[in-house]
Amino acid sequence: MNAPQQKKALGRGLSALISASAPSEEVVAQDSPSRIETGKISHVKIEAIEANPWQPRTEFESISLQELSESIQAHGLIQPITVRNIENGKYQLISGERRLRASIKAGLTELPAYIRTVNDQQMIEMALVENIQREDLNSMEVALSYQRLIDECQLTQDQLSEKVGKNRSTITNFLRLLKLPSSVQLAVRDKKISMGHAKIIAGLPDVSKQEDLCKKVIQSELSVRSTESLAKKLNDDEALKTKAKIGLPASFETSKKELSKTLDTKIEIKRNLKGKGSIQINFKNDDDFKRIFAIINK
């Protein structure tokens, strides 16, 4: 039977940076770093591993970390971490921060590791893309990872879309989260509101209204559909207030009265902030229309 195909969600990110073929295992003495071959699994002492300076993930759930640590104590580390060889027998972590922390907690002194030869930009990409693929990542972590890939790897949204295997619209929606007020971002991070709620909240133009709607969603446990209805009402109310505030300039009000008096009928004038508008002339019946038309035609 053929092996199952790799998930398309991986995009061209990790698959383009890390070979898809399973490396063979090779146990090498730690005091002989020159014998370690890149692309193969080696056992590396934990004390020789340095943190990834571009690690996108800063928070690790303590309970799941403890559970992983207990599993490693019982069965060992099944999935190797990924590192790169730097200098003086030292290695820099590319991916596997959670596995490394759990292994230290479990009391291990060395770990199986894939050793890669990559430059700084490739390392940033590998760390960020690997992080994005995690199922337990919250939406804010994904958004920050997308933004870092754009900023630090000089990627356009189209290039990012291709690299991580996501639609551009999906990436745009995540990036919009970074424009939300901090209180709403925290609610997304802590999973008090969903990505669907956040998208709707981001559609409100006013920061205070975004914060108020977020509070209502949490307090009333509103569904996404209910949140959407409430956001629409807020937007409609705001539009009516704005329309009421615009009003007509004094000169237009004077002209409106004069024209109404001349035509002997009710006149309505609408005008937006750019000066564009319309005039509505009311008439009672066909004869009244002919009368008004005759006046205008003169």
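So which pairs qualify, if the first residue must be in the stretch 248-274 and modelled with pLDDT under 85, the second must be among the polar types (S, T, N, Q), the Cβ gap must be under 6 Å, and the two must be at least 6 apart or on different chains?
Lys270/Ser278
Where the second residue is at pLDDT 90 or above and among the aromatic types (Phe, Trp, Tyr) and the first is under 17 Å from Asn173 (Cβ atoms) and assigned to a helix (DSSP H, G or I) and lies in the stretch 192-220, which pairs have Cβ atoms under 9 Å and are six or more apart or on separate chains?
Hits for this filter: Met195/Phe174.
Confirm whether Ala202 is surrounded by 14 or more Cβ atoms within 10 Å (Cβ to Cβ), within 19 Å of Leu180 (Cα to Cα) and at pLDDT 90 or above.
yes
Say we look at the stretch 205-244 and pick out the residues that are of a type in the set (S, T, N, Q) and closer than 26 Å to Lys270 by Cβ; which of these is modelled with the lowest pLDDT?
Thr242
Return only the number of the condition from (1) farther than 25 Å from Gln66 by Cα; (2) modelled with pLDDT of 85 or more; (3) charged (D, E, K, R) that Glu110 does not satisfy.
All conditions are met except number (1).
The values are calculated or read from the model by the stated rules, or taken from the named source; none is laboratory data. These numbers come from a predicted model, not from an experiment. Every residue, glycine as well, gets a Cβ built from its backbone with ideal geometry; the counts of neighbours run over all protein chains shown.
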